[in-house]
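Every number here is computed from the coordinates shown, using simple stated rules; none is lab data. Note that this is a predicted model, so its numbers are computed, not measured. Here the Cβ is made from the backbone with ideal geometry for all residues, glycine too, and neighbour counts use every protein chain on show.
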């Protein structure tokens with residue numbers, strides 16, 4: 001059966017990023033190809049390794065601008081920092097970079113003719129300051145913020161683009177190298193709910209799929225009212241305003257819900273495993289952003305990941321209904337309720353520690369499935385969902 005082109009792809013976004021590695025892979029340095037991020041050994045430090053990572057708030061910033069213009073709520077811009085931080089710190093933590101130096105910088109590309117530049121900078125600065133304090137309270141002692149670039153780009157950018165880059169160091173013995181093996185168990189932690197460090201409930205969408213989420217839900221008239229927020233006047237095709245609810249869900253707030261600071265949960269997990277002498281049982285972690293529920297395919301080699309997915313939180317069911325996207329494509333575009341996957345040995349002590357971390361952080365843990373051998377060096381993902389089985393990822 002021919003696969004249906006995703007609605008996300010029709011908007012010009014490649015959820016699986018199929019061509020990125022094909023094009024850039026030959027020039028990327030990576031000494032640990034099974035790990036979640038690219039890592040290099042430090043030739044000047046015995047046992048030392050380092051990584052460099054860059055990511056950002058993506059098109060969520062467009063929703064923040066729309067929400068602010070309609071409501072005047074300045075604090076919506078703070079969430080851009082949560083997303084940009086976690087999209088970097090969560091990824092590097094998934095490979096074990098939680099104990100040593102982090103150096104962070106930011107890039108804000110902005111069109112001050114369309115959005116309030118000074119106000120946005122003030123809100124970003126406030127959230128950077130509070131997030132650094134939060135991380136340090138969880139033991140991230142070597143975290144430095146070194147400023148960055150703020151560029152006025154009225155010809156290139158319609159609203160704003162906010163990105164963060166991080167340089168991080170570690171010891172090789174602390175890495176999570178992606179040495180996944182057949183028989184390992186796949187666990188997951190929920191992307192929604194309210195973690196102990198979060199001030200408000202999280203709706204779970206994280207930072208992927210927002211182009212589809214915004215366009216299929218937000219009211220058509222916004223394209224005419226704020227033409228600079230979209231590439232064409234009729235790009236919005238939804239029926240919700242920024243103050244409108246779907247059941248008890250405020251649609252705009254749900255779309256802007258920040259990516260959870262997964263590095264904190266991962267740090268808590270690694271600390272507990274090390275204290276109990278179980279760290280060797282942790283074989284891989286995936287942060288389920290680009291590629292959604294299939295992102296685990298980036299970890300390890302020669303593995304078939306078979307996962308039984310829970311029911312997605314309401315925001316994903318709303319996007320599915322409004323966009324008429326297939327569930328197969330939904331699970332590849334969005335995390336659909338599972339923010340990170342954790343892979344390790346099928347051992348009761350390992351499972352006990354994961355359950356304890358979930359309980360202590362107030363983040364629900366799922367037992368998702370198992371790892372099987374693949375005949376090739378490539379990885380595959382098979383999803384058993386409430387809406388059918390999708391085994392051709």
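In whole percent, what relative contact order does the stretch 164-297 give with Cα contacts below 8 Å and a gap of six or more residues? Please report the intermediate quantities before stating the final value.
Working: 134 pairs, mean separation 33.3, N = 134.
Computed value for the stretch 164-297: 25 percent relative contact order.
Pairing the Cα long axis of helix 348-361 with the longest principal axis of the chain, what angle in degrees results, from 0 to 90 and rounded to the nearest 10?
30
I'd like the distance between the alpha-carbon centres of the stretch 168-202 and the stretch 285-321, rounded to an integer number of Å.
So the separation of the two Cα centres works out to 14 Å.
In what sequence do 264, 285, 124 fall when counting other Cβ within 10 Å, fewest first?
On the way: 264 25, 285 29, 124 20.
Least to most surrounded, the residues fall as 124, 264, 285.
222 nm [θ] for the chain, helices only, -39500 (n - 2.57) per DSSP H run of 4+, per residue, to 500? If you can, show how the numbers build up before the last one.
Working: 12 runs with 123 residues, N = 393.
Helix-only estimate at 222 nm: -9500 deg cm²/dmol.
Tell me the label only: which of (i) 4, 13, 12, 11, 10, 9, 8, 8, 6, 5, 4, 3, 2, 2, 1, 1, 1, 0, 0, 0; (ii) 5, 22, 30, 23, 12, 6, 2, 0; (iii) 5, 24, 34, 26, 10, 1 is P(r) over Cα pairs in 10 Å bins from 0, in percent as calculated from this structure?
So the structure-derived entry is (iii).
What residue among 310, 348, 227 has the largest mean-square fluctuation in a Gaussian network model of the chain, using Cα springs under 10 Å?
Comparing 310, 348, 227 in the GNM, the peak value goes to 348.
Compute the acute angle (0 to 90°) between the alpha-carbon long axis of helix 262-275 and the principal axis of greatest extent of the alpha-carbon atoms of the chain; round to the nearest 10°.
20
According to the square roots a ≥ b ≥ c of the eigenvalues of the Cα gyration tensor, what is the shape class of the stretch 336-393, taking rounded for a/c under 1.5, prolate for a/b larger than b/c otherwise, and oblate for the remainder?
Oblate, since a/c reaches 1.5 and b/c is not below a/b.
Of 362, 336, how do they rank once you tally other Cβ atoms within 10 Å and put the fewest first?
362, 336
Find the relative contact order for the stretch 7-390 and round it to a whole percent, using C-alpha pairs within less than 8 Å whose residues are 6+ positions apart.
Working: 842 pairs, mean separation 87.1, N = 384.
Once normalised by length, the contact order is 23 percent.
Among 47, 284, 25, whose mean-square fluctuation peaks in a Gaussian network model of the chain (Cα, cutoff 10 Å)?
Most flexible of the set in this elastic network: 25.
Taking the beta-carbon count within 10 Å as an exposure proxy, list 177, 364 from fewest neighbours to most.
364, 177
Starting from 0.36 nm per residue, how many nanometres of slack lie between residue 362 and residue 142 once their C-alpha separation is accounted for? Walk me through the numbers on the way to the answer.
Working: separation 220, 0.36 × 220 = 79.20 nm, distance 2.60 nm.
Extra length from residue 362 to residue 142 when fully extended: 76.6 nm.
Please give the Cα centre distance for the stretch 242-269 versus the stretch 75-137, rounded to the nearest Å.
Taking the Cα centre of each part, the stretch 242-269 and the stretch 75-137 sit 16 Å apart.
Against the longest alpha carbon principal axis of the chain, how many degrees, from 0 to 90 and to the nearest 10, is the axis of helix 79-93 turned?
So the helix axis and the longest Cα principal axis differ by about 20 degrees.
Of 339, 223, 292, which has the largest mean-square fluctuation in a 10 Å C-alpha GNM of the chain?
223
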